[in-house]
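Before any comments, here is the structure.
Computed from the coordinates by the stated procedures, all read-outs in this text should not be read as laboratory data. Just so it is clear, the structure is predicted and the values come from calculations on it, not from any experiment. With ideal geometry, Cβ positions are generated from the backbone for all residues, glycine too; neighbour counts draw on all protein chains shown.
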Amino acid sequence: MFDPVLLRSFIAVVDCANFTRAAERLHLTQSTVSQQLRRLEDSVGCRLLDRDQRRVVATVEGERLLAYARRILALNEEAADVLINQQSDGVLRLGVPEDFAAERLMPLLSAFVVAYPRVRLEVTSGLGPALLRQYRGGEFDVLLVKQMGDSDDCLASWPEPLCWVDSRRMPALGRDPLPLVAFPVGGLYRNEMLQHLEVGGWRWRIGYSSASLASVCSAVAAGLGISLLPERVVQTGHVVLGADSGLPAVQGVRLALYGRSGMGAAGQSLQRQLWDLCEANPR
């Protein structure tokens, strides 16, 4: 069992990259923080920090623990909040794709928190594969996610057509190697894009990478490379590349809705509203 006090000191040292600044943040002495980190390393049986660099950095094992440490502390705080605040109806955790249309989703979420003021809604956006792993790991109550095909446990799914997109003003198609604008490693669109280009024998390079849909769209419009994106996000500065471009045809993905069984009225309402939103807004 991990001691939250030791985990909190570990996170502070990694974030600050320095024992002195971490101690100041925690209102502790530097020697106390150092002792706590030694105790944590002794308990796990490996080095978590590389102290030989100018900046203190996490080792490979430390990086692995860091994500768990943040989640452990977050769950501790969540449990304390739910138990101590007797006026709360609990926490409802929602996962959504980073690139899902914010102009449609945000008004829904805003109305939800007004309708259920005693429910603490926590929304996490990210890449599809990671979101689905988190849901299966019990980290979300409701999930809207992009995936390839349907799955047996999703409540419903809708098609999300994809297309090749280039800059209207400064086309990248025709350059060799072909520059690409992509989401980070693990992103569904990135995987599809690279797989199709590899199968087609294209020479390519990553010209720009970002987890932000807005940044990806801007980079394409600026001529930094082509990308594979949902049809609904194509902008005026883009041009859709059809079959005459020579690029391989791509299969669209699915926008899938998941929800835990046994949720209360608030969770069921959020799930129903997301279902209605997807049904009413064809992609």
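Tabulated data for the structure shown
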quantity	calculated
Acute angle (nearest 10 degrees) that the helix 265-280 long axis makes with the longest principal axis of the chain, alpha-carbon atoms	20 degrees
Share, in percent, of DSSP beta bridges within the chain that are antiparallel, nearest 5	60 percent
Between the stretch 124-145 and the stretch 218-261, the Cα center-to-center distance that results, in Å	22 Å
Prolate/oblate/rounded label for the stretch 1-62 (Cα gyration tensor, a/c 1.5)	oblate
Residues H27 and T124, FRET efficiency given R0 of 30 Å [Cβ-Cβ distance, rounded to 0.05]	0.50
Distance between the stretch 178-213 and the stretch 1-80 - C-alpha centres, whole angstrom	35 Å
Three-way shape call for the stretch 162-251 based on the alpha-carbon gyration tensor, with the a/c threshold at 1.5	rounded
Residue-span extension gain [R133 to V234] - 0.36 nm each, minus C-alpha spacing	33.5 nm
Check: the stretch 4-83 dipole with +1 on Lys, Arg Cβ and -1 on Asp, Glu Cβ, in debye	240 debye
Relative contact order for the stretch 4-83, counting Cα pairs under 8 Å that sit 6 or more residues apart, in percent	30 percent
Cα gyration tensor shape of the chain, rounded if a/c is under 1.5, else prolate or oblate by comparing a/b with b/c	oblate
Relative contact order of the chain, defined on C-alpha pairs under 8 angstrom at six or more residues apart (%)	18 percent
Efficiency of FRET from Cβ geometry, V199 and D176, R₀ 22 Å, rounded to 0.05	0.75
Value of relative contact order over the stretch 199-283, rounded to a whole percent, pairs C-alpha under 8 Å and six or more apart	21 percent
Dipole in debye (nearest 20) - the stretch 221-283, about Cα centre, beta carbon charges: Lys, Arg +1; Asp, Glu -1	240 debye
Order of C154, C46 under a 10 Å beta carbon neighbour criterion, fewest first	C46, C154
